[in-house]
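Accompanying notes for the structure given below.
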Amino acid sequence: MFGEGQVQRIEVACNQSDAELVIVDGALSAVQQRNLEDKLKRKVIDRTGLILEIFGERAATAEGRLQVELAHLDYQAGRLVRSWTHLERQRGGFGFLGGPGETQIEADRRQIRGRMARLRKELEQVRRTRGLHRERRQRAPWPVIALVGYTNAGKSTLFNRLTGADVMAEDLLFATLDPTMRAIRMPGVEKAILSDTVGFISDLPTQLVAAFRATLEEVTAADVIVHVRDVANPATADQKRGTNGTC
């Protein structure tokens, strides 16, 4: 990822600013992450790790928490090659003649796979329940309006203004992680259902695609899609193309 000279420059910058954490805006392999930590003597995380940390703090619903935990486990499963002191090979069998057993890494991976399988089952049950709720809404005569756009574009602020709700609306990335719905009154219809969705992000890591599934399902089921854009953002044109390509 970085040459020797670049690593030295990063180390100098970390020392000058007393940095305790280094964040790389890109994907790191487990080996790259370990080598950088060895060189810099600091904790290193990549783009995926940072987004997972943010998701973990913002997830409010049961489905959101399950999706974040599943993505986190998927991310960690490939990173069990770290230099942990306890990852020594266990002995199998009995007495002193037992052959080499599974490594602690293999045992950890087996536990992670088991936990991921249980999470997928729980998520499937939650999705079935949400699907039933969506079918019930579709049978009702009220249109569903979805607010979509990139993260931090102002969707939750607009949602609160239109509905009088108190959804978290901050100048933050992913202030909203779980889809939120409220009834609003509009001219010509008795009422409509307004949906606030999680914001998109460019170069979304593959492990996190599932965390957006709830939002994408709500968007595809909506009668009207309102694209919210922050035209002051220098990347607004690229964000427009990204949102249009997704929706």
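The values are calculated or read from the model by the stated rules, or taken from the named source; none is laboratory data. Bear in mind the structure is a predicted one, so any value in this text is a computation, not a measurement. With ideal geometry, Cβ positions are generated from the backbone for all residues, glycine too; neighbour counts draw on all protein chains shown.
Okay, here's what the table says:
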item: Scan of the stretch 81-124 for residues that are closer than 27 Å to LYS41 by Cβ and modelled with pLDDT of 65 or more, ordered by number; result: THR103, GLN104, ILE105, ASP108
item: Yes/no for GLU69 being at pLDDT 80 or above, surrounded by 14 or more Cβ atoms within 10 Å (Cβ to Cβ) and assigned to a helix (DSSP H, G or I); result: yes
item: Selection within the stretch 207-247 - at pLDDT below 85 and among the basic types (Lys, Arg); result: ARG213
item: Selection count, the stretch 54-66, where residues are touching a residue at least 60 places away in the same chain (Cβ under 8 Å) and buried (at least 16 other Cβ atoms within 10 Å of the Cβ); result: 7
item: Output for the stretch 5-33, where each listed residue is over 22 Å from the mean Cα position of the chain (by Cα) and either at pLDDT below 90 or of a type in the set (Ser, Thr, Tyr) (or both); result: SER17, VAL31
item: Filtered residues of the stretch 132-151 (kept if in contact with a helix residue (DSSP H, G or I) (Cβ under 8 Å, 6 or more places away or on another chain) and of a type in the set (Gly, Ala, Ser)); result: ALA146, GLY149
item: Flag if LEU36 is part of a helix (DSSP H, G or I) and out of contact with any Pro (no Cβ under 7 Å at 6 or more places or on another chain); result: yes
